[in-house]
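Below you'll find the structure, written out as structure tokens, and then a few comments.
The values are calculated or read from the model by the stated rules, or taken from the named source; none is laboratory data. Predicted, not measured: the structure shown is a model, and the values here were computed from it. Neighbour counts are summed over all protein chains in view; Cβ atoms, including those assigned to glycine, are modelled from backbone coordinates with ideal geometry. Remember, those area values only see protein heavy atoms, side chains included, never the ligands or the DNA or RNA. Shrake-Rupley method; radii C 1.70, N 1.55, O 1.52, S 1.80 Å.
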Amino acid sequence: MCGVISTEFPHLTAGNFENSLASDDVLAHFFNDFLSLPSFPEALLYNQESGQFEVVNGEAEFVSRRIRSVLHCSKSQLLTGDPTALAKTPPVDNHYTICCLDREQGIQWIIEERLPFFLQSDCYNEYR
């Protein structure tokens, strides 16, 4: 049995936006790119796993850089030939706080304040 694959995207509306965002990885990627544009005073990120919008504050990037730095140092210590060097290195603090918008209020705010601009954006055109 043959199936038909459609290349038509359903028109994105306020009514189907939340379900589409939760189920479409590509839409979530393009919408996150849009939300992180410098034209907005505060960057947001949609997390598909939790279904919530996170406020991007740079802490995750800071922790990532710190881990890379420690790994680089650890690699150098391994090359010295001292097997106890790594045991002397304290563990990296990889904790950071994620601030999320309230789920219901957040999606309503996004639909009212960001979705209309997204639908007119290059990000949306590229997604389609």
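Key figures for this structure:
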item	result
Wholly enclosed helices (runs of 4 or more DSSP H) of the range 1-114 bearing at least 3 residues polar (S, T, N, Q) and at pLDDT 90 or above	17-23
Enumeration of residues in the range 22-46 that are closer than 17 Å to GLN120 by Cα and of a type in the set (A, V, I, L, M)	LEU27, ALA28, LEU35, LEU37
Residue list for the range 13-28, restricted to those being small (Gly, Ala, Ser), surrounded by 11 or more Cβ atoms within 10 Å (Cβ to Cβ) and without any contact (Cβ under 8 Å) to a residue 24 or more places away in the chain	SER20, ALA28
Close pairs (6 angstrom Cβ cut-off, 6 or more residues apart or separate chains): within 20 Å of GLU42 (Cα to Cα) in the range 110-128, open to solvent by 30 Å² or more (accessible area, probe 1.4 Å) anywhere	ILE111/ALA14; CYS123/PHE30; CYS123/ASP33
